[in-house]
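Visitor: The structure is given below, and queries will be raised subsequently.
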Amino acid sequence: MNARVTFQYFARGVAILGCAFLAACEYDIPIATIPSRPLNDALLGNWVSVDGKDTMRVRLLDEITYVISYNQELYSAQHTDVAGTPFVSVLHLDAQNRKYAFLGWSLENNGARLRLRVVSRKVIPTETRDPAVLQALLKKHLGEPALFGFQQDYVRQK
């Protein structure tokens, strides 16, 4: 195997690991083309996973976009509420083939704890190419435990 092929496999592996907390950055489109709510200042800051393995810095890019450094990989995120449930469409900026992941989120303990839950691609097919269809599927499956796969909790760093 030549050095170029080896590097391509390495780069692909890094991109996959960078998306590990998202369980899979596999969607070609965001949940909505226009965010349904402004940014939540309570999400801004530095976070560490409860197990201490992952760090996340959330910053404001503009009125509708967060920039996130997750274990030194860069992402952007925007809000979409579906039937009153907050979601973010997260785009992996460091990936060569940029894809989205969808996460539900909630703040607990007066904003000191953040829970992220990854939308399962088993419930929301990655082949879905229409934001209206994505939103309808999310709404249809909101009460089902299978909607979310991987979950991780974070605590705010001082």
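The values are calculated or read from the model by the stated rules, or taken from the named source; none is laboratory data. Predicted model only: the values in this text are computed from it and were never measured. As a convention, Cβ positions derive from the backbone with ideal geometry for all residues, glycine included, and neighbour counts pool all protein chains shown. Protein only, heavy atoms only, side chains kept; ligands, DNA and RNA dropped before computing areas. Shrake-Rupley method; radii C 1.70, N 1.55, O 1.52, S 1.80 Å.
Yes/no per residue for (1) at pLDDT below 95; (2) closer than 29 Å to ASP130 by Cβ; (3) out of contact with any Asp or Glu (no Cβ under 8 Å at 6 or more places or on another chain):
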position: LEU17; (1), (2), (3): yes, no, yes
position: ASP28; (1), (2), (3): yes, yes, yes
position: PRO35; (1), (2), (3): yes, yes, yes
position: GLY45; (1), (2), (3): no, no, yes
position: GLU63; (1), (2), (3): yes, yes, yes
position: ILE68; (1), (2), (3): no, yes, yes
position: LYS99; (1), (2), (3): yes, yes, no
position: LEU114; (1), (2), (3): no, no, no
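Visitor: Further question on the same structure: Quick check on my filter: what residues within the stretch 112-135 are hydrophobic (A, V, I, L, M, F, W, C) and either touching a Leu at 6+ places or on another chain (Cβ under 7 Å) or open to solvent by 60 Å² or more (accessible area, probe 1.4 Å) (or both)?
Guide: Within the stretch 112-135, LEU114, LEU116, VAL118, VAL119, VAL123, ILE124, ALA132, VAL133 meet the criteria.
Visitor: Inside the stretch 48-66, can you point out the residues that are open to solvent by less than 90 Å² (accessible area, probe 1.4 Å), in contact (Cβ under 8 Å) with a residue 24 or more places away in the chain and either assigned to a loop (DSSP other than H, G, I, E, B) or within 27 Å of ALA83 (Cα to Cα) (or both)?
Guide: Result: VAL50, ASP54, ILE64, THR65, TYR66.
Visitor: Condition test on ASP153, is it in contact with a Lys or Arg (Cβ under 7 Å, 6 or more places away or on another chain), surrounded by fewer than 17 Cβ atoms within 10 Å (Cβ to Cβ) and not aliphatic (A, V, I, L, M)?
Guide: yes
Visitor: Anything in the stretch 99-145 that is within 30 Å of GLN157 (Cα to Cα) and either over 14 Å from the mean Cα position of the chain (by Cα) or without any contact (Cβ under 8 Å) to a residue 12 or more places away in the chain (or both)? List them, or say none.
Guide: The answer is LEU107, GLU108, ASN109, ASN110, GLY111, ALA112, ARG113, PRO145.
Visitor: What pairs come up if the first residue lies in the stretch 33-47 and is more than 16 Å from ARG156 (Cβ to Cβ) and touching a residue at least 40 places away in the same chain (Cβ under 8 Å), the second is of a type outside the set (Val, Ile, Thr) and open to solvent by 20 Å² or more (accessible area, probe 1.4 Å), and their beta carbons are under 7 Å apart, counting only those six or more places apart or on different chains?
Guide: Going by the 7 Å Cβ cut-off, the qualifying pairs are THR33/PRO131; PRO35/GLN78; SER36/ASP81; ARG37/ASP81; PRO38/GLU63; LEU39/LEU60; LEU39/GLU63.
Visitor: Yes or no: LEU74 open to solvent by less than 20 Å² (accessible area, probe 1.4 Å) and part of a strand (DSSP E or B)?
Guide: It is false that LEU74 is open to solvent by less than 20 Å² (accessible area, probe 1.4 Å) and part of a strand (DSSP E or B).
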